[in-house]
1. Is there any pair linking a residue in segment A:111-122 that is closer than 16 Å to A:Met166 by Cβ to one that is among the polar types (S, T, N, Q), with Cβ under 8 Å and at least six apart or on different chains, and which?
2. Answer yes or no: is there a residue in segment A:42-56 that is under 28 Å from A:Trp502 (Cα atoms), in contact with a helix residue (DSSP H, G or I) (Cβ under 9 Å, 6 or more places away or on another chain) and either buried (at least 21 other Cβ atoms within 10 Å of the Cβ) or at pLDDT 95 or above (or both).
3. Quick check, is A:Phe424 hydrophobic (A, V, I, L, M, F, W, C) and buried (at least 18 other Cβ atoms within 10 Å of the Cβ)?
4. In segment B:3-31, which residues are touching a helix residue (DSSP H, G or I) at 6+ places or on another chain (Cβ under 8 Å), at pLDDT below 90 and either facing another protein chain (nearest Cβ under 9 Å) or loosely packed, with under 12 Cβ neighbours inside 10 Å (or both)?
5. For segment A:223-258, how many residues are more than 8 Å from chain B (Cβ to nearest Cβ) and within 14 Å of B:Phe26 (Cα to Cα)?
6. Looking for something out of contact with any Pro (no Cβ under 6 Å at 6 or more places or on another chain), within 14 Å of chain B (Cβ to nearest Cβ) and in a loop (DSSP other than H, G, I, E, B) - is there at least one such residue anywhere in segment A:200-222?
7. Which of the strands (runs of 3 or more DSSP E) contained wholly in segment B:92-186 include at least 1 residues that are of a type in the set (Asp, Glu) and away from chain A (no Cβ under 13 Å)?
8. Pairs needed: first member in segment A:151-175, within 11 Å of another protein chain (Cβ to nearest Cβ); second member anywhere, of a type in the set (Phe, Trp, Tyr); C-beta distance under 7 Å; at least 6 residues apart or different chains.
Amino acid sequence: MDDHHHGPAKGLSRWLFTTNHKDIGTMYLWFSFSMFFLGGFFAMIIRAELFQPGMQLIEPAFFNQMTTLHGLIMVFGAIMPSFVGLANWMIPLMIGAPDMALPRMNNWSFWILPPAFLLLASTLFMEGGAPAAGWTFYAPLSTTYAAPSVTYFIFCIHVLGLSSIMGSINIIATVMNMRAPGMTYMKMPLFVWTWLITAFLLVAVMPVLAGAVTMMLMDVHFGTSFFSAAGGGDPVLFQHIFWFFGHPEVYIIILPAFGVVSQIIPAFSRKRLFGYDSMVYATASIAFLSFIVWAHHMYTVGMPIAGELFFMYATMLIAVPTGVKVFNWISTMWRGALSFETPMLFSIGFLVLFTIGGFTGLMLSIAPADFQYHDSYFVVAHFHYVMVAGAVFSMTAAIYFWLPKWCGRMYNETMGKTHFWISFVGFNLAFFPQHFVGLAGMPRRIPDYALQFADFNMMSSIGAFVYGASQLLFLYNVVATIVAGEQVSDEKVWDGAEGLEWTLPTPVPYHTFETPPLVR
Amino acid sequence: MLKLSNNPIVDTSAKLAVTAVVMFAFVFVVMVPLYNVLCDVLGINGKTSGQAYTSVEARVDESRTVTIQFIATNNAGMPWEFSPTKTAMKVHPGAVNDTVFFAHNPRPDAMIAQAIPSISPSRAAKYFHKTECFCFNQQPLDGGGSAEMPLQFIVDQDLPRDIGTITLSYTIFDVTDMASNALAAR
């Protein structure tokens with residue numbers, strides 16, 4: 001019997017014991033989708049409380065738990081695993097490899113994630129409640145003043161960090177060793193490039209986060225004083241360590257998104273990507289710069305002026321490679337034969353809104369101005385423009401783009417476009433007014449606000465509900481496509497799509513590229 | 001380049017795993033000490049030196065008077081009575097000053113304590129020199145015992161002129177259980 005061409009195993013054990021990159025990618029995507037809805041549900045609670053001034057629905061302590069869990073789950077549970085899932089699905093297909101380099105470790109790096117987040121979610125039902133120090137969990141809020149559940153939170157971070165590191169090692173090992181003959185580094189699709197660089201960032205900084213939470217653990221349980229001034233430590237040290245992880249982390253989130261739109265925009269412009277080489281170098285430059293700008297998150301801690309200036313100029317420098325990317329995407333579309341299917345709409349939405357988020361980031365990078373913006377809703381608006389309209393929009397575009405290839409069925413285009421426009425309007429209604437209330441002085445992470453912010457907050461809440469509801473349409477569309485979508489058998493699915501994955505049959509078979517393809 | 005295995009995939013993975021472990025260690029053995037050194041050099045977080053200061057040609061500046069305030073705090077769960085005998089002193093920069101803190105152990109059994117100092121405003125930290133301090137050593141006390149704990153200090157003549165008041169805060173820790181271990185940082 002030829003055991004190289006068997007299909008997937010039957011039943012639950014297929015998913016439990018699978019080493020197939022497509023199965024694992026699918027599990028990552030469904031897991032992150034479910035976390036997206038859980039984190040989104042928490043966001044709805046936050047916006048419901050902020051619908052009107054005064055205390056409306058929930059206690060302040062619970063509000064803090066909601067903002068904390070919303071941030072943690074969206075960053076670590078929804079966005080990061082979704083891109084890891086996409087990497088699992090697409091990288092072997094794009095470089096012509098039969099599977100990931102370390103398939104068993106791949107299985108493990110997925111399966112330790114759900115228990116980690118179960119642990120985190122379970123803290124909601126513990127005495128003292130869930131962690132409430134914000135997703136940045138600054139000490140001493142997260143040590144001296146934390147609920148006992150902080151220990152579970154620390155363990156969760158350790159486990160998901162381990163998962164990320166294993167996933168990254170796998171991706172790097174795959175890209176460096178398993179490319180098809182002729183697939184040189186400078187021929188790799190940009191999604192593979194951005195993920196290769198992202199994986200290096202992850203290997204470098206996830207251990208730093210693990211170090212930070214380990215110090216928290218020791219401060220809480222073993223009598224050390226890393227972050228306690230009374231014991232000779234320093235809470236500001238926590239912020240330095242956290243952001244030394246945290247700033248590369250935001251590029252870990254956005255670089256794969258850059259990769260996705262760099263695949264989609266050329267496909268629907270029916271042109272090659274403009275400035276491929278400069279895209280690669282810009283990605284690498286952003287990754288390098290991400291290590292030397294962390295303190296721009298903490299301008300107000302009392303740094304020496306020389307420090308403020310260094311971090312300000314270094315941060316502004318990031319606008320250069322990012323600008324190169326934005327102009328390259330626009331140049332790709334210039335005089336292209338454009339068509340506006342749902343993936344393209346989400347990519348253009350990404351381009352416009354991410355650029356707005358980039359500009360507000362530039363505003364925040366100005367140290368003297370930041371003293372006004374710091375910890376206000378302006379910051380909230382800024383990072384939702386880059387996290388939601390950046391990462392989540394591009395992820396949505398990726399699903400619409402590759403789902404027909406994966407399952408051989410076409411999604412409902414009308415529903416997809418409706419999803420885009422409701423998302424786009426809802427998102428902007430939710431977050432654009434937050435710029436104004438932030439500049440006017442509304443602080444973030446507070447369950448109540450001054451009366452003059454009432455109208456903008458009500459608009460914000462309505463926008464958030466609309467955006468949240470539109471994701472249910474997305475879920476319905478995805479499920480309906482998989483179950484009963486119109487069949488497609490074209491290898492290319494999209495006439496303008498280029499790359500190895502589009503040379504495979506549609507739907508993509510369970511095993512692919514068992515003999516490496518020839519890359520010219 | 002160094003090869004950890006003949007299988008290229010194992011080789012890449014092993015190198016990356018080593019990198020991850022090195023980065024984890026980096027936090028503890030580089031970032032924390034480096035941060036402390038930088039703060040020490042720049043004098044930006046109120047940490048005073050853990051070493052006794054040996055003065056060079058003290059020149060008392062009679063024209064200036066600086067107020068030194070003393071604060072004593074007990075860490076959570078520390079039962080000792082701990083207080084400064086004088087809550088404030090007016091001193092001249094360059095002069096040698098002495099004061100005493102009082103400690104009493106109300107428990108029946110012997111205990112060991114460690115006091116940790118902090119200076120506010122933090123800019124003043126590098127101009128505040130302790131020539132003798134109970135915080136340099138651990139303080140044992142028998143059950144029910146009391147002690148007067150000496151502190152001798154000099155305010156540097158180079159103290160910026162806009163600083164008129166310096167607050168010296170001590171927090172006292174129960175280190176009976178880990179008396180043999182040196183405290184992580186002072």
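The values are calculated or read from the model by the stated rules, or taken from the named source; none is laboratory data. Everything numeric in this text was worked out from a predicted model, so none of it was measured. In this analysis, Cβ positions are derived from the backbone assuming ideal geometry, glycine residues included, and neighbour counts consider all displayed protein chains.
1. Once the first residue is closer than 16 Å to A:Met166 by Cβ and sits in segment A:111-122, its partners that are among the polar types (S, T, N, Q) give A:Ile112/A:Ser163; A:Leu113/A:Ser163; A:Ala116/A:Ser163.
2. Checking segment A:42-56: not a single residue is under 28 Å from A:Trp502 (Cα atoms), in contact with a helix residue (DSSP H, G or I) (Cβ under 9 Å, 6 or more places away or on another chain) and either buried (at least 21 other Cβ atoms within 10 Å of the Cβ) or at pLDDT 95 or above (or both).
3. Values: hydrophobic (A, V, I, L, M, F, W, C): yes; buried (at least 18 other Cβ atoms within 10 Å of the Cβ): yes.
Spelling it out, A:Phe424 is indeed hydrophobic (A, V, I, L, M, F, W, C) and buried (at least 18 other Cβ atoms within 10 Å of the Cβ).
4. Correct list: B:Lys3 only.
5. Number satisfying all stated conditions: 2.
6. Yes, segment A:200-222 has at least one match.
7. Numbers: elements: B:96-104, B:111-120, B:128-133, B:139-141, B:146-155, B:165-174.
Result: B:96-104, B:128-133, B:146-155.
8. From residues that are within 11 Å of another protein chain (Cβ to nearest Cβ), the pairs are A:Met166/A:Trp108; A:Ile171/A:Trp195; A:Ile172/A:Phe200.
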